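Asks: Below you will find the structure I want to go over with you.
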Amino acid sequence: MVHAAAVPYNNVVSEYQGQHPCDNPIQRREWRALSDDEKGEYIDAVKCLQSKAPYNTTIKAAKSRFDEFQSFRITIADDVHFVGQFLPWHRLFVRNYEKALRDEYWDWTLDSKTPEDYINSPVWDPITGFGPNGVPGTYTLPPFTNDSRIFPDAFRGCVQDGPFANYTLSLGPGKLVTEHCLVRGFNTTAATRYLTPEQVANTTKQETFETFRIELEGGDQTPDRKIHDGGHISVGGDGSNFLEIRVLGVSSFYPQPFLSTSDLNLNIAPYAADPIFYLHHTNLDRIWWIWQNLSPSHLYEISGSSSVTNPTAPNVHWTLRF
C-alpha cells in the first residue's frame, strides 16, 4: 500500500525508514513461471470480473467490475501521467486490481529479441494466455474526432481466438463510449526497440527518482519512446488508447516508423481495456521496486510536477510510506 504524506522528503526519511516493515510481502511471478492450471485460474478470474456488476463506476456505461477499473482509469488518466505520482498511483491501482485476481506480471524483455519472439510469446497463447493479435478486416472504427485519442493504424482487428474472443467492451475506443470487441494491433517494431533488457538496464541505472521516472515513462518528456509507452504501443488497439501525437502543434496519427525528433510531443495514457494492461503495469512496478532496492534512499524518494496540464502546479512533496 502506498500512502502520501504532505511533508518534504528530506525531513522524514530517518523518521519512517524501517518503521513499516512488511511481515508477509506479496511476491509476483512472471507469466511463464505459472503452471497451465494457474494461468487458467488467472484468466478465469479476469472473466469473472467481466461478468460481475459494477459497484460504483465513474462512467455510467460501465457494465462490469472490469469496466469499473477501466472507467476510473479513463477519468483520472490525465492527472496521473507525466507527473511525479505516475508510479505510486499505478502501484496502488494495479494492487487493487490484483486483490480481485492474483499477483502476476509480464516480463516483455523475454519477448523483445525478434518480432517472432513477441508474436509467439506465451502471454498471447490462445489456451494458456490472453489470446493473439487482432484479425485484419474484423473491426471498423466508429466516427471520431481528434480529441477522441484514437490511432486508426493501431486497430488491426478483433481478437478472435482465446479467452477474450467473445468479450464485448463497453467503453472506448479512445474516449468514445461504444460496445465493441477487444481490438489489438501488434507493433513488433516497438517491442524489439523499446522493451529490451538494455532499455530496462538504462532505466534502473538512473541515480535519482526524477531521472528514473522520466526514463521509465517516456512520452513527451523524452526524445524517444521508453518502456512504459513502448509496451502499450506494442500491443496496439485497445491497449494503446489515449495515445495522442502532436508534431509542431498539429495532431497526427500513429506513425510508422515512430518519430523520435525533438519536435515530437507524445502523450500516452492508455486506459485499462485490454487485460494485458495490468501485467504490463505490474512489470513496470517490479522495475521500480528493483530500482528502489538499489539504494536505501530510493525506497522513499519521489519527485516531479503534480500536474501535467497546469504549468504553475507545485512539485510533488510526498514521502512514500510502506
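Asks: For the condition more than 23 Å from Ile302 (Cα to Cα), out of contact with any Phe, Trp or Tyr (no Cβ under 9 Å at 6 or more places or on another chain) and of a type in the set (Gly, Ala, Ser), what is the one hit in Ala100, Ala61?
Replies: On the way: Ala100 fails: out of contact with any Phe, Trp or Tyr (no Cβ under 9 Å at 6 or more places or on another chain).
Checking each option against the conditions leaves just Ala61.
Asks: Hey, another quick one. Considering only residues that are of a type outside the set (Ser, Thr, Tyr) and in contact with an Asp or Glu (Cβ under 8 Å, 6 or more places away or on another chain), look in the stretch 99-109 and name the one that is farthest from Gly40 (Cα to Cα).
Replies: The selected residue is Asp107.
Asks: Here's something else I'd like to know. Quick one: in the stretch 121-156, which of the residues that are in a loop (DSSP other than H, G, I, E, B) and of a type in the set (Val, Ile, Thr) is farthest from His280 (Cα to Cα)?
Replies: The extreme case among them is Thr145.
Asks: Looking at the stretch 188-239 only, could you name the residues that are of a type in the set (A, V, I, L, M, F, W, C) and touching a Leu at 6+ places or on another chain (Cβ under 8 Å)?
Replies: Listed by number, the residues that qualify are Leu216, Ile227, Ile233.
Asks: From Phe130, Phe144, Phe151, grab the single residue that is touching a strand residue (DSSP E or B) at 6+ places or on another chain (Cβ under 6 Å) and in contact (Cβ under 8 Å) with a residue 12 or more places away in the chain.
Replies: Phe151 is the lone residue from the list that is touching a strand residue (DSSP E or B) at 6+ places or on another chain (Cβ under 6 Å) and in contact (Cβ under 8 Å) with a residue 12 or more places away in the chain.
Asks: I would also like to ask the following. Report yes if some residue within the stretch 264-283 is at pLDDT below 90, at positive phi and not hydroxyl-bearing (Ser, Thr, Tyr); otherwise report no.
Replies: No, every residue in the stretch 264-283 fails to be at pLDDT below 90, at positive phi and not hydroxyl-bearing (Ser, Thr, Tyr).
Asks: Right, here's the next one. Within the stretch 177-198, which residues are in contact (Cβ under 8 Å) with a residue 40 or more places away in the chain and either assigned to a loop (DSSP other than H, G, I, E, B) or over 28 Å from Phe164 (Cα atoms) (or both)?
Replies: Passing the criteria: Leu182, Gly185, Phe186, Asn187, Leu195, Thr196, Pro197.
Asks: Out of Val94, Val13, Val80, I need the residue that is among the hydrophobic types (A, V, I, L, M, F, W, C), within 23 Å of Leu195 (Cβ to Cβ) and modelled with pLDDT under 75. Which one?
Replies: Exactly one residue qualifies, and that residue is Val80.
Asks: While we're on this one: Select, from Phe186, Phe212, Phe130, Phe151, the only residue that is touching a Pro at 6+ places or on another chain (Cβ under 8 Å) and either surrounded by 19 or more Cβ atoms within 10 Å (Cβ to Cβ) or under 28 Å from Ala61 (Cβ atoms) (or both).
Replies: On the way: Phe186 fails: touching a Pro at 6+ places or on another chain (Cβ under 8 Å); Phe212 fails: touching a Pro at 6+ places or on another chain (Cβ under 8 Å); Phe151 fails: touching a Pro at 6+ places or on another chain (Cβ under 8 Å).
Just a single option satisfies the conditions, and that option is Phe130.
Asks: Take the stretch 85-120 and flag every residue that is acidic (Asp, Glu), in a helix (DSSP H, G or I) and surrounded by fewer than 20 Cβ atoms within 10 Å (Cβ to Cβ).
Replies: Passing the criteria: Glu98, Glu116, Asp117.
Asks: Here is a follow-up. Would you confirm whether any residue within the stretch 61-72 is part of a helix (DSSP H, G or I) and aliphatic (A, V, I, L, M)?
Replies: No; the residues of the stretch 61-72 include none that is part of a helix (DSSP H, G or I) and aliphatic (A, V, I, L, M).
Asks: Still on this structure, I have one more. Would you check if Phe82 is assigned to a loop (DSSP other than H, G, I, E, B), more than 23 Å from Arg184 (Cβ to Cβ) and within 20 Å of the chain's Cα centre (by Cα)?
Replies: Judged against the criteria, Phe82 is a match.
The values are calculated or read from the model by the stated rules, or taken from the named source; none is laboratory data. No experiment lies behind these values; they were computed from the predicted model shown. Cβ sites come from the backbone with ideal geometry, for glycine too, and all protein chains shown count toward neighbours.
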